[in-house]
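S.K.: Pasting a structure here, questions to come.
The values are calculated or read from the model by the stated rules, or taken from the named source; none is laboratory data. Source: prediction; values computed, not measured. Here the Cβ positions follow ideal geometry from the backbone for every residue, glycine too, while neighbour counts run over all protein chains shown. Side chains are part of the model used for accessible areas, which takes the heavy atoms of the whole protein and leaves out ligands, DNA and RNA. Shrake-Rupley method; radii C 1.70, N 1.55, O 1.52, S 1.80 Å.
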Amino acid sequence: MFGFLNINKSAGMTSHDVVSRARRLLRVKQIGHAGTLDPAATGVLPLAVGSACRLIRFLPHDKTYLAEILLGRTTSTDDTQGETLSESRVAATEAQVGALLNEFSGEIDQIPPMVSAIHVDGERLYKLVREGRAPSEIPSRKVTVHSIELLDFASPMVKVRIHCSGGTYIRSIARDLGARLGCGGCLSSLVREQAGFFRLSDAYPIDTLADQEVTPLVRPEDALSLPHLALDQTQAERIGRGQRIEAAEISQSESSQSADYVMVLLNGDLLAVCKRDAQMLQPEVVIKR
């Protein structure tokens, strides 16, 4: 099997739980996920099957979330699953909430939650916290919020839709919004509606995979959103052996000429992803099916 699966993760499962179940149902060992979802979160979790695991890094990284933020409470995990640290009265108005949400648009510096999967000194942060070795400070990092839309405010609950870059923590936005309002805040619920090519409207529950005759595989040619180059048989054989091809040998569209990476196809099927510069096509990942 080769391709991607668009799974609608249910609450209570870790992303690794979904991968493990997919491996059992499909009887395929080589399966990985693209973008962790917290156990309490639901929605789009793309899975790569077979050699498509080597293509995960080329998937578009933008994501869209539907989130509910609870104002007036801070917790150890920045969501309602954690231990309550403080509770405060919420006096914010809808206008104040909307104005502050606008400050999260664009490129921002964000401090990840204390319980998160980022690496600190070579180890997962949640592991350090669990073992009582939490660092005194967590380094901030730059993320991009393409848009943040206030959908509803019924104090103390704020409902928003956020389109953001990969690596953005919605829990951090909930925490920081509450801090700026002076009452604290945490994430109450989270649904990932989109991850790159994959949409919630097209996602399947994991148990759908029990019927292997209708496994809904997505072709990498559709999911990667990279320019395409068609090769002839001789060129394809060279790329398949890991050899470079001079760019001048191949007819390229304007979009492929400006791209760092391109998909190369033989008879409409993906053969490799190549790094491209003005002179050469260099195979980066050659697909073996």
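S.K.: Who wins for biggest fluctuation among Leu177, Leu45, Leu231 in a Gaussian network model of the chain, springs between alpha carbons below 10 Å?
M.R.: Leu231
S.K.: Over the chain, with a Gaussian network built from C-alpha contacts below 10 Å, which listed residue (Gly184, Gly242, Gly196) shows the highest mean-square fluctuation?
M.R.: Checking each option, the largest mean-square fluctuation is seen for Gly242.
S.K.: Another question about this same structure. Can you give me the solvent accessible area of Cys53 with a 1.4 Å probe, rounded to the nearest 10 Å²?
M.R.: 40
S.K.: With semi-axes √(5λ) of the Cα gyration tensor in Å defined as stated, name the option among (i) 31, 22, 21; (ii) 40, 22, 18; (iii) 43, 22, 16 computed from the structure displayed.
M.R.: Given (i) 31, 22, 21; (ii) 40, 22, 18; (iii) 43, 22, 16, the calculated one carries the label (ii).
S.K.: Report, in deg cm²/dmol and to the nearest 500, the calculated mean residue ellipticity at 222 nm for the chain, where each DSSP H run with n ≥ 4 adds -39500 (n - 2.57) and the sum is divided by the residue count. Working shown, then result.
M.R.: Values: 7 runs with 55 residues, N = 289.
Using -39500 (n - 2.57) per qualifying helix, the result is -5000 deg cm²/dmol.
S.K.: So, one more: Per residue, how much accessible area does the chain have with a 1.4 Å probe, in Å²?
M.R.: Working: 14180 Å² over 289 residues.
With the other protein chains kept in place, the chain gives 49 Å² per residue.
S.K.: Taking the Cα centre of segment 1-44 as origin, work out the dipole magnitude from +1 charges on Lys and Arg Cβ and -1 charges on Asp and Glu Cβ, in debye rounded to 20.
M.R.: Values: 6 positive and 2 negative charges, 57 e Å.
The calculation lands at about 280 debye.
S.K.: Can you pull the one-decimal nm distance between simple spin-label points at Thr93 and Asp260, each 7 Å off the Cα toward Cβ?
M.R.: Here the modelled spin labels are 4.6 nm apart.
S.K.: Using Cα pairs closer than 8 Å and at least 6 residues apart in sequence, work out the relative contact order for the chain, in percent. Can you show the working numbers first?
M.R.: Values: 613 pairs, mean separation 64.3, N = 289.
Once normalised by length, the contact order is 22 percent.
S.K.: Pick from Arg192, Arg27, Arg175: which is most flexible by mean-square fluctuation in a GNM of the chain where alpha carbon atoms under 10 Å apart are linked?
M.R.: Result: Arg27 has the largest fluctuation of those listed.
S.K.: Given 0.36 nm per residue, what is the gain on full extension from Asp62 to Glu83 after removing their alpha carbon distance, in nm? The partial results should precede the final answer.
M.R.: Details: separation 21, 0.36 × 21 = 7.56 nm, distance 3.04 nm.
So the extension gain works out to 4.5 nm.
S.K.: Please state the charge dipole magnitude for the chain, taken about the Cα centre, from unit charges on C-beta atoms (+1 on K and R, -1 on D and E), reported in debye and rounded to the nearest 20. Let's see the in-between values first.
M.R.: Values: 32 positive and 35 negative charges, 173 e Å.
In total the dipole reaches around 840 debye.
S.K.: Students often forget the sequence filter, so: which aspartates and glutamates lie under 12 Å Cα-Cα from Lys9 once same-chain residues fewer than 8 apart are removed?
M.R.: Asp17, Asp38, Glu193, Asp207
S.K.: Can I ask one more? What does the charge count around Glu193 come to, taking other residues whose C-beta lies under 14 Å from its C-beta (Lys +1, Arg +1, Asp -1, Glu -1)?
M.R.: On the way: positive: Lys9, Lys63, Lys159, Arg161, Arg192, Arg199; negative: Asp62, Glu68, Glu149, Asp202.
Its environment carries a net charge of +2.
S.K.: Just want the answer: with Cβ charges of +1 for Lys and Arg and -1 for Asp and Glu, which residue in Thr208, Gly185, Phe197 is farthest toward the dipole's positive end in segment 162-222?
M.R.: Comparing the listed Cα positions along the dipole, Gly185 ranks first.
S.K.: Also, I was wondering about something else. Report relative contact order for segment 16-83 in percent, whole number only (criteria: Cα-Cα under 8 Å, sequence separation at least 6).
M.R.: Details: 46 pairs, mean separation 14.7, N = 68.
Worked out over segment 16-83, it gives 22 percent.
S.K.: For a quick check of understanding: with a 1.4 angstrom probe and all protein chains in place, what accessible area in square angstrom does Leu281 have, to the nearest ten?
M.R.: Roughly 0 Å² of Leu281 is accessible to a 1.4 Å probe.
S.K.: Now, a different point. What pairs from Lys63/Lys275; Lys142/Lys288; Lys63/Lys288; Lys29/Lys159; Lys29/Lys288; Lys63/Lys142 go past 27 Å between their alpha carbons? Before the final figure, lay out each step's value.
M.R.: Numbers: Lys63/Lys275 25 Å; Lys142/Lys288 36 Å; Lys63/Lys288 29 Å; Lys29/Lys159 39 Å; Lys29/Lys288 16 Å; Lys63/Lys142 16 Å.
In this structure, Lys142/Lys288; Lys63/Lys288; Lys29/Lys159 lie more than 27 Å apart at Cα.
S.K.: Express in Å², to the nearest 10, the accessible area of Met13 obtained by rolling a 1.4 Å probe over the protein heavy atoms while all chains stay in place.
M.R.: 40
S.K.: Among His61, Val90, Thr80, which residue has its Cα furthest toward the positive end of the charge dipole of segment 55-109, with +1 on Lys/Arg Cβ and -1 on Asp/Glu Cβ?
M.R.: Value: His61.
S.K.: Could I ask something else about it? Return the carbon/sulfur percentage of the accessible area of segment 43-111, one whole number, probe 1.4 Å, all protein chains in place. Don't jump to the answer; show the numbers that get you there.
M.R.: Details: 1400 of 3100 Å².
Looking at segment 43-111 in its full context, I get 45 percent from C and S.
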